[in-house]
Amino acid sequence: MKGEKQPEGRSPGQLMWQRFKRDRTGVVSACVVIFFFVVSAAAPLIAKLYGKNPYTLYAQEPDYPFLLDDFAMPTGSFGGMSGEFWFGVEPKLGRDVFTMLLYGMRTSLYMAVVVTTLCVITGVVIGMVMGYFGGRVDYWLGRVTDFFLAFPQQLFFIAFMPVVVAMFVDPQDETPTFLRAVAITLVMWFLGWMGLARLVRSSVLSLAEREFVEAAKVSGASPWRIVRKEILPNIVTPILVQATYILPGTILSIAFLSYIGVGFVEPTPDWGRMFAIGADVYEQDPMFMFFPGVALVVFVLSFNLLGDSVRDAFDPKTGR
């Protein structure tokens, strides 16, 4: 009837957003993830307001003469926690743990974002080429993918990182931090795109014979237009979900490289380096590893839960 309000249709994106907002676990996880990224981005400002930095050896400063005892361990309880040092101080050197964690999160998170972005782009492009064109293109790209999958990733990281660095820096010289960051990015990108490429390939193969794709081919649409307009929008869900799993895995891999000494080194703050330091002093100062450990577990768990919620929001049939 005239004057009645007509029901409005909702786009798939609006339906997804409505389902996601009803998922309390997903909303809380998203808030936690956003909080980590905001804190990491604002690390210099927070450190300035806090009045400390992760590089100064405060135990050697005249203003703090009793931060460490005769065994170079923090004085006071809980690793030297106080109003001056919220998370305590680092054993042996006396650096501020709070700012070390802030800058360590910043290093790991933004490195992981770069690596994940490169892996997703590479995996999507190669996977779509394999799935859409098929035939010999699929065969040879598939063999290349299998070749890279054959590499033992952790061992390759350990063996290849020094090689990449030595290609640009004399062994007697100190390696710049930016060069280490580039080397880590290249190595992890080199071995990080294959799983997504296989996933995209299988999704494209399942769509290539669908009626709407055949209709687009009959109408004379170019392969680029078919891929961009017909196929890519229908595989966004598995790509997003897989990306939410790649990023926390990348953070753990970056931390692992620094932990074993082939990633970031002194004095660059990094999550993995904090675990390496904590592993040496956990019997005397267990609190040093507490805050980095809790932060890493909370972030990785939140990102994995966020990935599950995004998947359920896009495809309610898989809902928990």
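The values are calculated or read from the model by the stated rules, or taken from the named source; none is laboratory data. Here the structure is a predicted model, which is why all the values come from computation and not from measurement. Reconstructed Cβ throughout: ideal geometry from the backbone, glycine too, with neighbour counts over all protein chains shown. Heads up: the accessible areas ignore ligands, DNA and RNA and are worked out on the full protein's heavy atoms, side chains in. Shrake-Rupley method; radii C 1.70, N 1.55, O 1.52, S 1.80 Å.
Brief remarks on what is shown
- Note on Phe168 and Phe35: with the Förster distance fixed at 56 Å, the Cβ-Cβ geometry gives a FRET efficiency of about 0.95.
- Label-point separation, Ile158 to Phe78 (7 Å along Cα→Cβ), nm: 3.7 nm
- Accessible area per residue for the chain is 55 Å², calculated with a 1.4 Å probe on protein heavy atoms, without ligands, DNA or RNA.
- Portion, in percent, of the accessible area of the chain that falls on carbon or sulfur, probe 1.4 Å: 65 percent
- Note on region 114-209: Cα-Cα pairs beyond 22 Å make up 40% of the total pair count.
- Alpha-carbon Debye profile of region 196-253, log10 I(q)/I(0) at 0.20, 0.23 Å⁻¹: -0.74, -0.88
- Positive-end ranking of Ser77, Gly127, Ala243 along the dipole of the chain, with charges on Cβ about the Cα centre, is headed by Gly127.
- When region 50-163 is reduced to its Cα atoms, the Kirkwood hydrodynamic radius in Å: 18.3 Å
- Dimensions of region 174-223 along the principal axes, based on C-alpha atoms and rounded to the nearest Å, stand at 61, 20, 9, largest first.
- Kirkwood hydrodynamic radius of region 136-286, from inverse mean 1/r over distinct Cα pairs, in Å: 18.6 Å
- Dipole magnitude for region 218-320: computed about the Cα centre from +1 point charges on Lys and Arg Cβ and -1 point charges on Asp and Glu Cβ, it is near 780 debye.
- Under the membrane-span-like helix rule (DSSP H runs whose alpha carbons stretch at least 24 Å along the helix axis, mean Kyte-Doolittle hydropathy 1.6 or higher), the chain yields 24-41, 97-133.
- Inter-label distance, nm, simple model (7 Å from Cα along the C-beta direction), Val113/Glu283: 4.1 nm
- Scattering curve values for region 232-320, log₁₀ I(q)/I(0), Debye with Cα scatterers, q = 0.11, 0.12 Å⁻¹: -0.44, -0.50
- Computed from the Kirkwood radius of its Cα pairs, the Stokes-Einstein diffusion coefficient for region 211-284 at 25 °C and 0.890 mPa s stands at 153 µm²/s.
- Average silhouette area of region 87-151, convex hull of alpha-carbon atoms, in square nanometres: 6.6 nm²
- A cut-off under 14 angstrom between Cβ atoms defines the neighbours of Arg273, and their net charge, with Lys, Arg +1 and Asp, Glu -1, is 0.
- Label-to-label distance, Leu179 versus Thr56, with points set 7 angstrom from Cα along the beta-carbon direction: 3.1 nm.
- Candidates per chymotrypsin sites (Phe, Trp or Tyr not before Pro) in region 33-134, loop by DSSP, up to 11 other Cβ within 10 Å: Phe66, Phe71
- Three principal axis lengths of region 259-307 [C-alpha, angstrom, descending]: 35, 25, 15
- Which of Ala41, Ala215, Ser29, positive extreme of dipole for the chain (C-beta unit charges): Ala215
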